[in-house]
1. Can you report the number of residues in segment 324-374 which are closer than 30 Å to V208 by Cβ, within 14 Å of the chain's Cα centre (by Cα), assigned to a loop (DSSP other than H, G, I, E, B) and not aromatic (F, W, Y)?
2. If I ask for residues that are in contact with an Asp or Glu (Cβ under 9 Å, 6 or more places away or on another chain), open to solvent by less than 40 Å² (accessible area, probe 1.4 Å) and assigned to a strand (DSSP E or B), which ones from segment 154-207 would you list?
3. Please specify each residue of segment 349-377 satisfying the condition of being closer than 29 Å to K292 by Cα and among the basic types (K, R).
4. Please work out if A307 is over 22 Å from L197 (Cα atoms), in contact with a Leu (Cβ under 9 Å, 6 or more places away or on another chain), open to solvent by 40 Å² or more (accessible area, probe 1.4 Å) and of a type outside the set (D, E, K, R).
5. In segment 104-135, what residues are assigned to a helix (DSSP H, G or I) and within 16 Å of the chain's Cα centre (by Cα)?
6. Within segment 1-23, can you find the residues that are open to solvent by less than 60 Å² (accessible area, probe 1.4 Å) and assigned to a helix (DSSP H, G or I)?
7. Would you mind finding the one in K144, K104, K55 that is within 21 Å of N191 (Cβ to Cβ) and either of a type in the set (K, R) or surrounded by fewer than 23 Cβ atoms within 10 Å (Cβ to Cβ) (or both)?
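The values are calculated or read from the model by the stated rules, or taken from the named source; none is laboratory data. These figures come from a predicted structure and were not determined experimentally. Virtual Cβ from ideal backbone geometry, glycine too; neighbours counted across all protein chains shown. These accessible areas exclude ligands, DNA and RNA; they are computed on the full protein's heavy atoms, side chains included. Shrake-Rupley method; radii C 1.70, N 1.55, O 1.52, S 1.80 Å.
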Amino acid sequence: MTRALNIGIIGYKFMGRAHSNAWLKAPQFFDISVKPVLKAACGRNQESVTEFAEKWGWEETETDWKKLIERDNIDIIDIALPQNLHYEIALAAARAGKHIFCEKPLSMSSRQAEEMLKVCEDNKVVHYLNHNYRRVPAVAQAKKMIEAGKIGRIFHWRCCYQQDWIVDPNFPLTWQLQKEIAQAGPQWDLNSHAVDLAHFLVGDITSVSCLTANFIKERPLANEGTAGNLSAEASATEKGEVTVEDAALMMVRFKNGAVGSFEATRLATGRKNRLSFEIYGSEGSLVFDLEKMNELQYFSLNDDKIAQGFRNILVTESAHPYVGNWWPAGHIIGYEHAFVHAVVDFLKAVDEKTEIKPDFADGLKIMRVLEAGIQSAETGQQVHL
């Protein structure tokens, strides 16, 4: 008989929807030994969380996250909230013996991340940080090719995470633009993903040089009830100060001798959600762009010179990571599928009492790099980790 694991989710907007879809789809497409049960959804507004629960199939609702965590019939806490709320909830969940599936970035500081990791380890719960782009099949395929020596010794990492959703100066002051909630701008939100991929594909970072820029310093306040939405409505009269950066650029050194660069911005006109990386090595190169997420470009010096050039690999074959559980070759997958892959791997880790990566230890490493970037931008000095 399949073992059931009861999920309690806290948060019901963008990430709440993405996570709910993943819990539902995982057992439909993957043969897993446990069954995720959408037991309870939690949110502050009873009417809104009830509507969310009915739409996505959550059996019950709560408006107090502490009561949700205290419940005996909850095995896993899914934290689908802004980063300023992760710390307290994760500590309580771990102390209650609940396994944790947590959205990124992990926390507001490395100090918080250290405590979150320690409490999870002390209470022996599985802790997962949802940098879901590791589980895009093309990215997972890149990892396999690097480990197989296909590009040799890595020299260069180049990464950009570009969006344009705040180019309009009349876009309102949502929580993502307020330091007390977001801690930082794209340095936290976007570069957390980019740094995780760099750690995953290249290795640990040992030094950081960074500059940041703020292009639009004041914005209309968001109308009540819409401040958490990327399509928030602006107030016609009141304005507030933007207290995070609009763009961040980092240069780094890796422990293995490679060098790298990161660009994170929300003012790259025409770029909707473009996370791209280029990795150059002694034997070849790999290039990826999330806006073409089913493709991976590969160059090999070992090809005959008359035929050398970047080849485009369509990562839809059953031999590619995760893909065999979906559609026939050439039938592409999308953004939401990486969340499903994360849920599948997480449930396996909980069932088999093993670890899953990235975890809170990885999140702590990411926090230290991001903080070093902010410190470098403020002081104008390189920061060593």
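1. Counting residues in segment 324-374 that are closer than 30 Å to V208 by Cβ, within 14 Å of the chain's Cα centre (by Cα), assigned to a loop (DSSP other than H, G, I, E, B) and not aromatic (F, W, Y) gives 3.
2. W157, C159, C160, Y161, Q162, L173
3. K357, K365
4. no
5. Taking segment 104-135 and keeping what is assigned to a helix (DSSP H, G or I), we get 110-122, 132-135.
A113, N132, Y133, R134, R135, listed by residue number.
6. If we filter segment 1-23 for residues that are open to solvent by less than 60 Å² (accessible area, probe 1.4 Å), which is where we start, we get 4-12, 15-16, 18-23.
Matches in segment 1-23: M15, G16, A18, H19, S20, N21, A22, W23.
7. On the way: K144 fails: within 21 Å of N191 (Cβ to Cβ); K55 fails: within 21 Å of N191 (Cβ to Cβ).
Testing whether each residue is within 21 Å of N191 (Cβ to Cβ) and either of a type in the set (K, R) or surrounded by fewer than 23 Cβ atoms within 10 Å (Cβ to Cβ) (or both) leaves just K104.
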